Each structure stands twice: as C-alpha cells, then as structure tokens.
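The values are calculated or read from the model by the stated rules, or taken from the named source; none is laboratory data. This structure is a prediction, so every number in the text was calculated from the model and none was measured. Cβ atoms come from the backbone with ideal geometry, glycine included; neighbour counts cover every protein chain shown. Side chains are part of the model used for accessible areas, which takes the heavy atoms of the whole protein and leaves out ligands, DNA and RNA. Shrake-Rupley method; radii C 1.70, N 1.55, O 1.52, S 1.80 Å.
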Amino acid sequence: MWRWISPYNDIDSDSPLLRQMAGDHYRDHWQPNRLLSYTLRWFAIGAGVTALALFLFVQLNQFNAVGIILFLSFFAGLVLDFRVLTTTTKVFRGEQAPFDRNPLTAVDRVWALNAIGQLRNWGWMSVFCGVRGMVVVFLLLEGLDREFSYVGLLAFVYVVELYWRMQALVALEVRVTSRFRHSYRVVLVSIGLTIAITLLEVGILFAGLQVILAPATEALFRYLYDHRSQYNQPACCTDEIDADLLKIETAIDNALLVFALVMLPVLYGFFRILREWGLRGAVRRLERFSE
C-alpha cells in the first residue's frame with residue numbers, strides 16, 4: 001500500500017538511477033525504508049503547528065478561527081503549487097546535461113524526473129496535509145454535533161487532494177520544461193497551467209454542488225419561505241414543522257453523501273488524467289529530442 005502511494009511505485013528503488021540523476025539534490029530520507037517515517041514526522045509537525053494556532057485563536061476569542069485556518073490552508077495549497085513548479089524546473093534543468101551523456105531511454109528519464117520532483121516536494125506536501133488534517137479535526141469538534149457518513153469522505157478528499165495535485169503538477173512541469181528552453185517561457189506557462197488547473201477544479205466542485213446539493217437546499221429555503229407565517233402559530237403546529245424540516249435535512253445529508261461519493265473519483269480522475277498527459281507528453285518530446 002505504501003509503495004503504491006510513494007514515488008517508488010514508478011521507479012525501481014534498488015536501481016542507482018535515482019541517486020545518479022538526483023546528484024547533489026539527493027537526500028538520505030528519500031530511501032524507501034525511511035520515507036514513511038519522514039512523512040509522518042512532517043505531517044505531525046504541520047498538524048501540531050495548526051493545532052497550536054487554533055488554540056491561540058480560540059483563546060484570544062477575537063478572530064474567526066475557522067475562517068482564518070481555512071484561508072491559511074487554501075493559501076498553503078498555493079505555496080505548495082509554487083514550490084512544486086520551482087523545484088521541478090530546477091531539477092530538470094540541472095540534470096539536462098547528464099541526460100545528454102547517459103544512455104538512458106526517454107521513459108527512464110521522465111520517470112526518474114517525476115520521482116525526484118515528487119521527493120523534493122514530499123516534505124512540504126506532508127506538512128500541508130497535516131495542516132488540512134488538523135483543520136478537519138477542528139471543524140468536526142467545533143461545528144458538527146452529529147456524525148454523518150459523508151464527513152469522512154469529504155475530509156479524506158480535502159486532505160488527499162494536495163497529494164493528487166502535487167503529482168499532477170510535477171508531471172506537467174516535467175512536460176513544460178522539456179518543451180521550452182527559455183526560463184521566462186517556462187515560468188509563464190507554469191503559472192498559466194496552475195491558474196487553469198485551479199479554475200477547472202473550482203468549476204468541477206461548483207458544478208457538483210449545483211447538480212447534487214442545490215436542489216435539496218432550494219427545497220429547504222422554499223419550505224421556510226412558504227411556511228414563514230406558521231412560526232407564529234400555537235405550539236401544536238411546531239411538531240409538524242419540525243418533522244418536515246427533519247425530512248429536508250435528511251435529504252441534504254443524503255445529497256452531501258452523494259456529492260462526496262462523486263467527487264472522490266472525479267477529482268482523482270481529473271488529476272490522474274493531467275498526470276498521464278504530462279508524463280506522456282514529456283516522453284514523446286524527449287524521444288524526438290534524442291533522435
């Protein structure tokens with residue numbers, strides 16, 4: 001399971017290729033038997049720092065802790081995007097000369113670059129996953145008094161989205177740097193791709209909310225508007241109103257469950273397609289370059 005998640009799923013960890021191509025960038029914690037402990041350590045650091053920040057916000061009682069942390073977690077995703085783009089570009093350009101000297105196939109080059117790019121951003125990704133994980137825990141403790149089956153799925157998608165996004169961006173950056181030779185073009189295209197991916201992801205989430213969740217919420221607001229005069233009626237009517245509201249709330253809960261079940265494979269497939277498109281394009285480009 002861990003090997004399937006780690007970058008070593010796509011490259012032989014026993015081969016000297018990774019160490020050879022990484023050169024001065026290689027780190028000891030990249031070894032397969034040390035990567036898991038390294039991941040858990042930085043995940044715990046991110047979660048711990050976030051927990052401390054949340055505690056301070058709550059104690060000060062002068063800030064909207066939920067809003068601030070959600071903003072910071074979103075901002076952390078943008079920081080990770082920038083980190084991925086800059087480090088992957090450096091790796092590719094730093095190893096272009098050895099590519100020309102070593103008798104490696106295009107597939108070997110691309111998969112090694114992909115693994116190195118992921119490993120160089122693995123610590124940052126682990127920290128920000130820890131941040132999002134603690135945000136989920138805080139929201140569950142502060143904002144929810146009931147347990148729903150969709151909460152776990154939404155929380156999982158919220159945390160693991162950083163991992164999927166990092167993989168896709170590394171692959172796309174490998175393709176971009178194999179296509180363009182001038183640094184300013186690489187930077188411009190990379191920024192454009194990041195913005196486009198973000199907008200597409202937001203569009204997917206918004207479309208899912210509109211199609212799946214909007215009908216249930218509209219029914220709730222329509223009911224409240226149509227029965228607004230009944231709230232001033234005697235207590236004998238409140239049981240009927242409460243029963244109707246419970247049915248609508250159940251419909252919303254079911255809609256959220258469907259939304260979580262749909263978004264999990266959709267977002268995974270979205271980033272998977274981007275990743276495959278980036279890697280295959282880089283392979284084709286390097287094959288033409290080596291001819």
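For segment 265-291, name all the residues that are modelled with pLDDT under 90, farther than 23 Å from V84 by Cα and assigned to a helix (DSSP H, G or I).
Selection gives E287, R288, F289, S290.
Let me spell it out: the conditions are (1) modelled with pLDDT under 75; (2) part of a helix (DSSP H, G or I); (3) open to solvent by 40 Å² or more (accessible area, probe 1.4 Å); (4) closer than 22 Å to R109 by Cα, and L70 meets all of them except one. Which number is the exception?
If we test L70 against (1) modelled with pLDDT under 75; (2) part of a helix (DSSP H, G or I); (3) open to solvent by 40 Å² or more (accessible area, probe 1.4 Å); (4) closer than 22 Å to R109 by Cα, just (4) comes out false.
I'm told A115 meets every condition in (1) part of a helix (DSSP H, G or I); (2) open to solvent by 10 Å² or more (accessible area, probe 1.4 Å); (3) more than 16 Å from L40 (Cβ to Cβ); (4) at pLDDT 60 or above except one. Can you identify the failing condition by its number?
All conditions pass for A115, except number (2).
Does L209 satisfy the criteria of being at pLDDT below 75 and either surrounded by 11 or more Cβ atoms within 10 Å (Cβ to Cβ) or assigned to a helix (DSSP H, G or I) (or both)?
It is false that L209 is at pLDDT below 75 and either surrounded by 11 or more Cβ atoms within 10 Å (Cβ to Cβ) or assigned to a helix (DSSP H, G or I) (or both).
Being open to solvent by 70 Å² or more (accessible area, probe 1.4 Å), within 16 Å of the chain's Cα centre (by Cα) and either among the aliphatic types (A, V, I, L, M) or at pLDDT 85 or above (or both) narrows it down to one residue among I191, I204, I195; which is it? So that I can check it myself, show each step before the final result.
Working: I191 fails: within 16 Å of the chain's Cα centre (by Cα); I204 fails: open to solvent by 70 Å² or more (accessible area, probe 1.4 Å).
On inspection, the qualifying residue turns out to be I195.
From the list A65, A22, A53, exactly one residue is modelled with pLDDT of 70 or more and surrounded by 14 or more Cβ atoms within 10 Å (Cβ to Cβ). Which is it?
Residue meeting the stated conditions: A53.
Taking L85 as meeting all but one of (1) surrounded by 19 or more Cβ atoms within 10 Å (Cβ to Cβ); (2) at pLDDT below 75; (3) under 25 Å from E276 (Cα atoms), write down the number of the exception.
Single failed check for L85: (2).
Confirm whether T177 is at pLDDT 70 or above and open to solvent by 60 Å² or more (accessible area, probe 1.4 Å).
no
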